[in-house]
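Novice: If you scroll down you'll find the structure; I have some questions about it.
The values are calculated or read from the model by the stated rules, or taken from the named source; none is laboratory data. Note that the coordinates shown come from a computational prediction; the quantities given were computed from them, not determined experimentally. Remember, those area values only see protein heavy atoms, side chains included, never the ligands or the DNA or RNA. Shrake-Rupley method; radii C 1.70, N 1.55, O 1.52, S 1.80 Å.
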Amino acid sequence: MFYFTVLGESGLVVRSTLETSLSSLRLDVERLEYENRQLEERQKLLRDDKVALEKEARKYYLLSENAQIIKFREPEPKAENRPVLASRLIALRADRDMPVPPIQLLRFFYVSFVAFVFIGVFRKLRRKKLEERTAT
């Protein structure tokens, strides 16, 4: 009974080590929360105040007094990211809810179109070469 109460898996010794590790973790969490609040305040300050921004830039980037800092606006996030479709498919889908064709079908049409173009160009060039041979 003494062994299970003091030295067991849920005994007093294990419980005390867990409590000390819990207290150290709580201290770490408090320290990180404090640091996070300080960094958020600093970020707000740097976002609005040009003097503070220049001071930080000189501190970390070793800039001289006559150096100028240019701050660009960050792009505004787009409200909606829809997949980009071909213009005719978009026109078809504008008023009706038609299904988008599977990508394998689109690939098949693309490959067949390219193959027909290559065959046509090859035949045209071959015919032109044959005409040049007969002309000379």
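Novice: Using modelled amide H (1.01 Å from N, peptide plane; none on Pro or chain starts), what sits under 5 Å from the amide H of LEU63, excluding residues fewer than 5 places away?
Specialist: The answer is ARG58.
Novice: With a 1.4 Å probe and all protein chains in place, put TYR34, TYR110 in order of accessible area, largest first.
Specialist: Working: TYR34 120, TYR110 150 Å².
Largest accessible area first, the residues go TYR110, TYR34.
Novice: Pop out the carbon and sulfur fraction of the accessible area of segment 1-67 as a percent, whole number, probe 1.4 Å.
Specialist: Values: 3740 of 6310 Å².
Answer for segment 1-67 is 59 percent, counting heavy atoms of protein chains only.
Novice: So, taking all protein chains as they sit and a 1.4 Å probe, how much accessible area belongs to SER10, in Å² rounded to tens?
Specialist: 110
Novice: Determine the per residue accessible area of segment 1-67 with all protein chains present and a 1.4 angstrom probe, expressed in square angstrom. Write down the numbers at each step before the final one.
Specialist: Values: 6310 Å² over 67 residues.
Per residue, segment 1-67 has 94 Å² of solvent-accessible surface.
Novice: Still on this structure, please answer the following. Given q = 0.20, 0.24, 0.29 Å⁻¹, what are the Debye log10 I(q)/I(0) values for segment 1-67, with equal point scatterers placed on the Cα positions and solvent ignored?
Specialist: -0.85, -0.95, -1.10
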